[in-house]
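*Asks:* Before I ask anything, here is the structure I am working with.
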Amino acid sequence: MEAVGIPPVNMRLCRIVAVVAAVSAILVLVINVYGWLQPDAVEATAREASGMLIEPVFITPLVRWLGLGLTTLYQGVLVWGLLSMTTLFRRLAAGEVFVARTGVLLRRFGAALLAYGALRPLVKAAMSVLVTRDPVAGGALLRFGISELEIIFALTGVLILVFGSVMADATRIANENREIV
């Protein structure tokens, strides 16, 4: 069922947000690849990815490739969520509001945020060991922590996931009511 009478401002806003989400998904991956493969940026990228801001870090070619792989893995989850958001806002701009797919896309985005929030501290911990491992003397540092950012990602993900479920149930109930009448 298509929604009728969607204000043009909301339709334009949905189209704009769809483009912003798609561009953001691409930029997340491009910036990550650039950070690990560009010699001038690799140390800053490794420090950000590991949370090791002042400790000595050891960047070898293996560390660069493993770092790229690990960070791409968890950022890929965020990209999946952003692409779901792109599809959702394109559908909303087209007037497809109260359809089953809306709930599915909302739940997918919520699940992506929840997974991203959960994976982020694990990847940072793995990265802390990876970048602080001294290739000559051996030894490494492990740093694990959960920041407010990860908590916000996870809680927002759960909220959107639940809202997507409510939206899917509301759509199902509306369809059942239409069949009765």
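The values are calculated or read from the model by the stated rules, or taken from the named source; none is laboratory data. All values derive from a computational prediction rather than experimental measurement. Neighbour counts run over all protein chains shown; Cβ positions are idealised from the backbone, glycine included. Surface accessibility is based on the protein's heavy atoms, side chains included, excluding ligands, DNA and RNA. Shrake-Rupley method; radii C 1.70, N 1.55, O 1.52, S 1.80 Å.
*Asks:* For the chain, what is the accessible area per residue in Å², given a 1.4 Å probe and the full set of protein chains?
*Replies:* 57
*Asks:* Leaving out ligands, DNA and RNA, what percent of the accessible area of the chain is carbon and sulfur, probe 1.4 Å?
*Replies:* 71
*Asks:* Relative contact order for the chain: what percent, with Cα pairs under 8 Å and sequence separation of 6 or more? Let's see the in-between values first.
*Replies:* Numbers: 252 pairs, mean separation 49.1, N = 181.
Answer for the chain is 27 percent.
*Asks:* Please give the net charge around residue 163, taking every other residue with its beta carbon less than 12 angstrom from that of residue 163, where Lys and Arg add +1 and Asp and Glu add -1.
*Replies:* On the way: positive: 107; negative: 169.
Within the 12 Å Cβ shell, the charges total 0.
*Asks:* Please report the net charge: other residues with Cβ closer than 13 Å to the Cβ of residue 116, K and R +1, D and E -1.
*Replies:* On the way: positive: 108, 120, 124; negative: 150.
Result for the local shell: +2.
*Asks:* Can you compute the modelled spin-label distance between residue 60 and residue 125, with each label point 7 Å from Cα toward Cβ, in nm?
*Replies:* Label at residue 60, label at residue 125, 2.4 nm between them.
*Asks:* Shifting gears a bit: Each residue of the stretch 115-120 in order: what ³J(HN,Hα) in whole Hz does its phi give by Karplus 6.51 cos²θ - 1.76 cosθ + 1.60, θ = phi - 60°, with x for Gly and Pro?
*Replies:* Using θ = phi - 60°, the values come out as 5, 4, x, 7, 6, 3 Hz.
*Asks:* OK, next. Rounded to whole Hz and in sequence order, give me ³J(HN,Hα) for the stretch 83-100 from the Karplus expression 6.51 cos²θ - 1.76 cosθ + 1.60, θ = phi - 60°, writing x for Gly and Pro.
*Replies:* The phi angles translate into 5, 5, 5, 4, 4, 4, 6, 5, 5, 5, 5, 7, x, 8, 9, 9, 10, 4 Hz.
*Asks:* If you don't mind, another one. In the calculated pair distance distribution of the stretch 96-181, what percentage of Cα-Cα distances lie above 15 Å?
*Replies:* Details: 2454 of 3655 pairs.
The proportion of pairs with Cα distances above 15 Å equals 67 percent.
*Asks:* Is it possible to state the helix-based mean residue ellipticity at 222 nm for the chain, with each DSSP H run of 4+ residues giving -39500 (n - 2.57), the sum divided by total residues, to the nearest 500 deg cm²/dmol? What is it?
*Replies:* -27500 deg cm²/dmol
*Asks:* Right, next: Between residue 31 and residue 180, how many nm apart are label points set 7 Å from Cα along the C-beta direction?
*Replies:* For residue 31 paired with residue 180, the spin-label model returns 5.0 nm.
*Asks:* Which residues make up the longest stretch of the chain clear of chymotrypsin sites (Phe, Trp or Tyr not before Pro) that lie in a DSSP loop with no more than 15 other Cβ atoms within 10 Å, not counting the sites? The partial results should precede the final answer.
*Replies:* Numbers: sites that count: 58, 98, 144.
That would be 1-57.
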